[in-house]
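S.K.: The structure's right below; bear with me while I get my questions together.
Every number here is computed from the coordinates shown, using simple stated rules; none is lab data. As the structure is a computational prediction, the values presented were derived from the model and not from experiment. Neighbour counts are summed over all protein chains in view; Cβ atoms, including those assigned to glycine, are modelled from backbone coordinates with ideal geometry.
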């Protein structure tokens, strides 16, 4: 689903869901908005990251370039086809989220996640959440499909 407002911001209502090997939802990317036709901010993608892992829950809003999302999408496709072993997703702008996918020889994928949130006041402090989980390579087609839907609805081209 796609919404638009008068400031050339596209709001994409789709989600990208990350599951662990037990098919429990670990992380969700949602509330995508894409800045269009704005000087210095063209094709910036803002989105919400919700994490629910073990006893930890958290939400951050972050930004990246459209190319960051497109590259992650392409790299996931390559990993599914055994063309690459490792994917790093560290957006060029905010760097509030980092993902690392490592494909092991048995089709098992170890996923490392790092979320950062700077807290501003008299000083700058950082809150950080790091965790790892595993998935089977067979989970990738659904994940790739969700990225494809978000990218198609974002009308990046």
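S.K.: Apply 1/(1 + (r/R0)^6) to the Cβ-Cβ distance of residue 81 and residue 114, taking R0 = 30 Å, and write down the FRET efficiency to the nearest 0.05. Before the final figure, lay out each step's value.
M.R.: Values: r = 26 Å, r/R0 = 0.88.
Approximately 0.70, to the nearest 0.05.
S.K.: What is the distance in Å between the Cα centres of the stretch 97-135 and the stretch 41-63?
M.R.: 12 Å
S.K.: A further question on this structure: If I model a spin label as a point 7 Å beyond the Cα along the Cα-Cβ vector, how far apart are those points for residue 138 and residue 30 in nm?
M.R.: Simple spin-label model gives 2.8 nm for this pair.
S.K.: Pick from 102, 14, 118: which is most flexible by mean-square fluctuation in a GNM of the chain where alpha carbon atoms under 10 Å apart are linked?
M.R.: Maximum among the listed residues: 118.
S.K.: Also: What residues from the stretch 53-90 fall in the zone where the backbone N is under 13 Å from a label point 7 Å along the Cα-to-C-beta line of residue 126?
M.R.: In the stretch 53-90, the label zone of residue 126 (backbone N under 13 Å from the point 7 Å along Cα→Cβ) covers no residue.
S.K.: Calculated from DSSP H runs of 4 or more alone, at -39500 (n - 2.57) each and per residue, what is the 222 nm mean residue ellipticity of the chain, nearest 500? Each step should come with its number before you reach the end.
M.R.: Numbers: 2 runs with 30 residues, N = 157.
Calculated from helices alone, the mean residue ellipticity at 222 nm is -6500 deg cm²/dmol.
S.K.: Can I ask one more? Is the C-alpha gyration tensor of the chain telling us rounded, prolate or oblate? Criteria: a/c under 1.5 is rounded; beyond that, a/b larger than b/c is prolate, otherwise oblate.
M.R.: Numbers: a/c = 1.81, a/b = 1.22, b/c = 1.48.
It is oblate, given that a/c is not under 1.5 and a/b is not larger than b/c.
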